[in-house]
Amino acid sequence: MNKKKTFIYNVLFLIGAAAILIFLWMAPPETTAKLPYDDNHRAFFDMPKKEAEKQCTQCHSNEGGMPLPEKHPPKYRCLFCHKKVKPET
Ligand code: HEC
Ligand code: HEC
């Protein structure tokens, strides 16, 4: 391959990479409620996710008094959607 072609392929590669980055960057912001950092939830922040998720339904169920909204999406793996985010201190 001659030098000129190599140069063009490099430019095309960079344009492609930039397009993908811009596409990812433009994705809509996540709106799902984050796991609150309060007395009810603080303990879960220092726990492996799978361990924590077993305990959510103690409260977030009909018996627990804080049921999920009726139209809640499939609830397998709570923390995959409700991200743990510690507030800045
Ligand atoms: C001890 C009871 C209890 C447990 C256990 C519990 N929660 Fe909660 N959760 C609450 C209560 C009460 C609220 C509403 C008040 C608040 O925001 O803390 C709430 C609110 C929430 C909210 C809504 C926050 C918002 O901004 O509207 C999410 C999401 C949530 N919990 C997820 C979870 C997940 C995921 C787990 C398991 C890791 C969990 N909770 C375990 C009691 C609990
Ligand atoms: C597939 C993604 C997903 C999973 C998994 C999931 N949720 Fe949700 N959850 C949502 C969405 C979306 C909403 C409604 C929009 C919002 O968060 O404001 C919601 C709403 C909630 C609310 C009410 C928040 C509020 O502001 O009223 C609670 C509490 C909650 N989820 C707890 C849980 C618990 C506990 C689990 C695990 C048993 C779980 N969720 C699993 C996506 C998810």
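Inter-label distance, MET47 to TYR76: 2.1 nm, where each label sits 7 Å from its Cα along the C-beta direction. Rounded to the nearest 20, the size of the Cβ-charge dipole of the chain about its Cα centre is 740 debye, with Lys and Arg at +1 and Asp and Glu at -1.
In the chain, the calculated helix contribution to ellipticity at 222 nm averages -12000 deg cm²/dmol per residue, counting -39,500 (n - 2.57) for every DSSP H run with n ≥ 4. Think of the chain as having a plus end and a minus end, set by charges on the Cβ of Lys, Arg, Asp and Glu; of PRO29, PRO73, PHE44, PRO29 sits farthest toward the positive end of this dipole. Taken over the Cα atoms of the chain, the convex hull encloses 187 Å³ per residue.
Listed by chain and number, the aspartates and glutamates whose alpha-carbon sits under 16 Å from that of LYS54, ignoring those within fewer than 8 places in the same chain, are ASP46, GLU63.
Bear in mind that the values in this text are calculations on the coordinates, not laboratory data. Keep in mind the model is a prediction, meaning the values are calculated, not measured. Every residue, glycine among them, receives a Cβ derived from its backbone with ideal geometry; neighbour counts consider all protein chains shown.
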